[in-house]
Amino acid sequence: MDLVDGEKVSGRVVGVVVGESAALIDTVLQARMFEKTLEYGLIPWLHGYRIERREIVRYGSRFDYLLSNGVDRIILELKSAVYLSSDGAAMYPDTVSKRGVRHFKILSNLKLVGENSGIVFIAGHPFATYFKPNFDIDPNLRGALCEALKINVLIKSIKMHLELDGSVILDDVDFPVKIEC
C-alpha cells in the first residue's frame with residue numbers, strides 16, 4: 001500500500017472486532033482453517049476426503065479444491081459469508097457476484113455430467129446462528145443456487161470466527177443452512 005509520502009507498509013486485515021471477538025474476513029485464512037479442519041478429520045460429511053489438488057479449472061473457471069477419498073472425488077468451492085443479517089444469518093454475498101453465480105451454474109453442470117461438486121459457505125461472524133444466501137443483494141443468485149440444491153450439489157456451511165488474540169475458533173462444522181427457493 002502506498003502512503004501519501006511514498007512509503008510502503010505491509011500487512012493485511014484478517015478480522016473486524018465485534019464485541020469480545022471478531023468476524024473472520026480474510027478468505028486466505030478461512031481457506032487455511034478449512035484445510036486444517038479437513039486434514040484433522042473434523043468434518044463428518046467429508047470424512048476420509050483429502051485435498052488432491054488446489055485451484056482446479058473447469059469450464060474456464062477456477063475452483064478451490066479437488067478432494068478425493070480414494071474412491072470418489074468432489075470439486076469444492078469455498079465462499080465467505082461474513083455479512084450478518086438482522087435475524088442472525090451469516091450471508092453470501094455482500095454485493096452482486098457474477099463470479100459466484102457463474103461458479104454455482106458450473107458446479108450444477110458438473111453434477112449433471114457425473115462429477116461430484118459442492119459449495120461450502122464459511123460463516124465467519126461470531127454472532128451468526130445460521131447461513132442463508134443473500135438473494136436480496138443479488139437476485140441472479142437465487143436461480144443458480146436453487147438449481148444446484150435441486151440436483152443435489154453439496155451445499156454446506158462451516159462456522160468459524162476470530163478471537164482477539166488472533167486464534168481462530170471452529171464453532172460448527174455442520175452449521176445450519178436455510179435456502180428458500
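The values are calculated or read from the model by the stated rules, or taken from the named source; none is laboratory data. All of these numbers come straight from a predicted model, not from anything done at the bench. Glycine gets a Cβ as well: all are built from the backbone with ideal geometry, and neighbour counts include every protein chain shown. Calculation scope for accessible area: heavy atoms of the full protein, side chains included, ligands and nucleic acids excluded. Shrake-Rupley method; radii C 1.70, N 1.55, O 1.52, S 1.80 Å.
Using unit Cβ charges (K, R positive; D, E negative) and no other charged atoms, how large, in debye to the nearest 20, is the dipole of the chain about its Cα centre?
860 debye
By how many degrees, 0 to 90 and rounded to 10, does the Cα axis of helix 140-150 deviate from the longest principal axis of the chain?
50 degrees
Antiparallel DSSP bridges in region 1-147: what percent, to the nearest 5?
Working: 18 of 30 bridges.
Of those bridges, close to 60 percent are antiparallel.
GNM on the chain, C-alpha springs below 10 Å: top fluctuator among Lys159, Lys132, Lys36?
Maximum fluctuation in the GNM of the chain, among the listed residues, is at Lys36.
Considering only protein heavy atoms and a 1.4 Å probe, what is the carbon-and-sulfur percentage of the accessible area of region 1-136? Please list the in-between numbers first.
Numbers: 3790 of 7340 Å².
The value for region 1-136 is 52 percent carbon and sulfur by accessible area.
Lysine pairs in region 62-166 with Cα distance under 21 Å, only those 8 or more apart or on different chains: how many are there?
For region 62-166, the number of qualifying lysine pairs is 19.
With the calculation restricted to Cα positions, what are the radius of gyration and Dmax of region 51-148 in angstrom?
When restricted to Cα atoms, region 51-148 yields Rg and Dmax of 14.0, 43 Å.
So what J values fall out for region 104-120 if you push phi through Karplus, 6.51 cos²θ - 1.76 cosθ + 1.60 with θ = phi - 60°, rounded to Hz, Gly and Pro as x?
Residue by residue, region 104-120 yields 5, 5, 5, 4, 5, 4, 4, 4, 5, 9, x, 9, 5, 8, x, 10, 10 Hz.
From the phi angles alone, apply the Karplus equation (6.51, -1.76, 1.60; θ = phi - 60°) to region 78-89 and give each ³J(HN,Hα) in whole Hz, x where the residue is Gly or Pro.
Here the 3J(HN,Hα) series is 9, 10, 7, 10, 10, 4, 10, 7, 5, 9, x, 8 Hz.
Counting each pair of different Cα atoms once, what's the Kirkwood radius of region 12-82 in Å, rounded to one decimal?
Hydrodynamic radius (Kirkwood, Cα only) of region 12-82 equals 13.6 Å.
Which order do peptides 161-174, 113-126, 76-89 fall in by mean Cβ count within 10 Å, highest first?
Peptide ranking by packing, descending: 113-126, 76-89, 161-174.
Relative to the present Cα-Cα distance, how much length would full extension add between Ser10 and Lys150 at 0.36 nm per residue of separation?
Here the segment from Ser10 to Lys150 would lengthen by 45.9 nm.
Tell me, what is the per residue accessible area of the chain in Å², probe radius 1.4 Å?
Normalised by residue count, the accessible surface of the chain is 54 Å².
How far is helix 27-39 tilted off the main Cα axis of the chain, in degrees rounded to 10, range 0 to 90?
It works out to around 50 degrees.
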